[in-house]
Amino acid sequence: MHCHDLSNHINIPKGARKIVLAGNPNVGKSVFFNNLTGMYVDVSNFPGTTLDITHGILGKDAIIDTPGVYGVSSFNQEEIVARDVILGADIVINVVDAVHLERDLFLTQQIIDMGVPVIVALNMLDEAEKQGVKIDVDLLSDLLGVPVISTVAVEKKGLDELKQNLYKARVGITDLELKQKLIKQLERVGSQGEALLILEGDPHVAARHGLKPGGQREEIYLARRGRVNDLIKHVVRQTQHEASYATKLGRWMINPITGVPILAGVMYLMYQLVAVFIAQTVVGFTEETVMIEMYEPFIVNLVGKLFAEESILGILLIGEFGVLTMTVIYILGLLLPLVLGFYSFLSAMEDSGYLPRVAAMVDRVLGFIGLNGRAVIPFILGFGCVTMATITTRLLGSDKERKIATFLLALAIPCSAQIAVIVALLAGLGVKVAIAYVAIMFTVLVIIGTILNKILPGQSTHLMIDLPPLRLPRVENVLKKTTIKTWYFLREATPLFAIGALAIGILQVSGLLDIIQVGLAPLTEGWLKLPKEAATAFIMGFVRRDFGAAGLFDLTLTPVQTLVALVTISLFVPCIASGLIIIKEQGKKHAAMMWASVLVLAFFFGGLLAQILG
Amino acid sequence: MTLDKGKKGMTVKILHIPDELIRSQIIRFGITEGAVIKCEEVVPAGPIIVSRNLQEIAIGRSLARQIKVEQISA
């Protein structure tokens, strides 16, 4: 009995074979998964987004998806997940990208060396042909010793053939020298896959068997690389081709001279879509016309028939912070359209292959705050959802980098819902205030990042990142992803918002709200120079930062006060969901320290600003 | 010379990569000691973009500084 037995983690029928989909990132694995199972998974261009194991059913058997990895070991979380799923597999469908065969076959050969039956899906053959790459599929199959099926998954080509041949998967050819080493180790551990990983120095697998990890990783890797290169020489013919337009565009995105204007252009597009079109035009309709003019009178009237508006229940349900008024109006009228807009934009960016190029461009700059370019990915994703972004900090190379990125996400990166409300509040105040807001947030990020880089122990890692081909995002994929993410958002945010509103409502009817407001007056009125009612916004902010910002809507503030309030609430503690993720990723002690520091820093910087401007 | 001295369009042969962990990771992209790669783009003060066949990788400058290479052609 192995502790990593998959059946303990996922619920699959008894006697079902475990068919595992494995492959490098961005090879179209998820398209296979959707097609084989008919079930939805999150398709993404970036490693880290399919970290959860997804599985579906094909006939009597289970299909299990794995995160995209370049090899099986324990260099990062994705690899550990992929490793354990592959170790438990009955059959592996290995999806390889025909354009990057040389890279992808390293994983293929490693899985073959693990002794699992494999079938290879040679995907994106159309793209390879366009790039002048010719592949002898039959010879490839002979040399690997496993069936190889040609596919163009997005056009559904070759998928039926793959399904029909699935059970012809077999154990491929392993280099003789390695085979002999494996046999010796096999006697001790009983599984060729585990034997291989122990030889390759995987500490976790070795520990499971009470063995010391082997020191032959480099030797085995080099031999495998040699074998793959040799194989490539025989099966691939590369004819000359002109650098494609996409390749050229990809280069422009990286070089700052062209890359900075491109990034500015992308940001401007996002601003136009989210802050202008959605925040003003769409929200103007959904919030003003639909919610405030139509829904609110309707619900107030309806509930008003049952309870008096001034009664306790009336106040809780349809009052200023009413569960049926404020919650519904903010969630559906304001947040929903904005979050939809944001997620569709971010999904398109994720799928296009643009993010790793931004990472390369900003590598140097992020070096100042102890991060390498890769960290730009959690930051950009953080503008969508800080909680999800916190999970992707795992792709950073060292503990120090993960701590810095997690803290900065919690402090200085506002999420889409929060930006939505901020944009709506800033909309009336002119460009100057908006620029001031962005500049202040950026300054805080740089100051705190620099300090963390100085005080946190440990080393930062170097940038080494795969630049996937630029691809036009597929509308279907972007829509699916946006819908799923928006749905998760609504499902998570609505009850929290309702609880928050209810709590404030109860504080209000019990008179506690006034007491808290007076109690916090030195902080709100004295230090931040805001009206004492702003305390309500901060109480809401403990639940979710965007609710905090939403709580500012009803206050009458001067432009300076708005700026101070927005900076404070933007820096304010992360929402409950991201707080929980931080605990999971960083442990209770560090999470508590981060949370408390963020709270103090938010009031410190907010007050500093108020004092300077005041 | 070291990889960070590479110029755009230059073809170089990798002579030495110092860190075992880096060697084990970069080997998967087809880059080993002895491999011939092309410098596709050099970001001023930033990473070097190298390619081997159709595979492109961005290598941070601090890492490139540690990788010993030999120029094959300009």
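The values are calculated or read from the model by the stated rules, or taken from the named source; none is laboratory data. Fair warning: this is a prediction, and the values are worked out from it, not measured in the lab. When we count neighbours, we look across all protein chains shown, and the Cβ atoms used for this are built from the backbone with ideal geometry, even at glycine. Surface accessibility is based on the protein's heavy atoms, side chains included, excluding ligands, DNA and RNA. Shrake-Rupley method; radii C 1.70, N 1.55, O 1.52, S 1.80 Å.
A few comments on the model shown:
- Net charge, A:GLU129 excluded, C-beta distance under 14 Å - Lys, Arg +1, Asp, Glu -1: -1
- Average accessible area per residue (Å²) across the stretch A:316-397 - probe 1.4 Å, nucleic acids and ligands excluded: 23 Å²
- Solvent-accessible surface ranking, highest first, for A:SER191, B:SER24 at 1.4 angstrom: A:SER191, B:SER24
- In this assembly, the A-B interface accounts for approximately 3100 Å² of buried accessible surface in total, computed with a 1.4 Å probe and without ligands, DNA or RNA.
- Heavy atoms of A:SER597 accessible to a 1.4 Å probe, total area in Å² rounded to 10: 50 Å²
- Across the stretch B:3-73, the relative contact order, built from alpha-carbon pairs under 8 Å that are at least six residues apart, equals 43 percent.
- With 27 Å as the limit, the listed pairs A:LYS130/A:LYS157; A:LYS485/A:LYS589; A:LYS248/B:LYS38 have A:LYS485/A:LYS589 beyond it between alpha carbons.
- Secondary-structure-derived ellipticity at 222 nm for chain A, considering helices only, amounts to -18000 deg cm²/dmol, per-run term -39500 (n - 2.57) for DSSP H runs with n ≥ 4.
- Neighbours of A:VAL96, meaning other residues whose beta-carbon lies under 12 angstrom from its beta-carbon, give a summed charge of -1 when Lys and Arg score +1 and Asp and Glu score -1.
- Percentage relative contact order, chain A, counting C-alpha pairs under 8 Å, at least six apart: 10 percent
- About the Cα centre, charge dipole magnitude for the stretch A:354-511 (Lys/Arg +1, Asp/Glu -1 at Cβ), debye: 240 debye
- Heavy atoms of A:MET294 accessible to a 1.4 Å probe, total area in Å² rounded to 10: 120 Å²
- Those lysines that a straight Cα-Cα span of less than 26 Å connects to A:LYS184, excepting residues fewer than 8 apart in one chain: A:LYS212
- Across the accessible surface of the protein assembly as shown, with the other protein chains kept in place and a 1.4 Å probe, carbon and sulfur atoms take up 63 percent.
- For the set A:LYS403, A:LYS584, A:LYS157, solvent exposure ranked by accessible area (probe 1.4 Å, protein chains only) runs largest to smallest as A:LYS584, A:LYS157, A:LYS403.
- A 1.4 Å probe over all protein chains sorts A:LEU479, A:LEU502 by accessible area into A:LEU479, A:LEU502, starting with the largest.
- Estimated at the nearest 10 Å², the accessible area of A:LYS18 is 30 Å² with a 1.4 Å probe.
- Between the listed residues A:ASN255, A:GLN280, A:ASN301, the Cα displaced farthest toward the positive end of the dipole of the stretch A:248-322, a dipole computed from Cβ unit charges relative to the Cα centre, is found at A:ASN255.
- The mean count of C-beta atoms from other chains within 10 Å of the C-beta of residues in B:41-53, rounded to a whole number, is 6.
- Antiparallel bridge percentage (DSSP; both residues within chain A; nearest 5): 35 percent
- Its Cα centre serving as origin, chain A has a Cβ charge dipole (Lys and Arg +1, Asp and Glu -1) of approximately 1100 debye.
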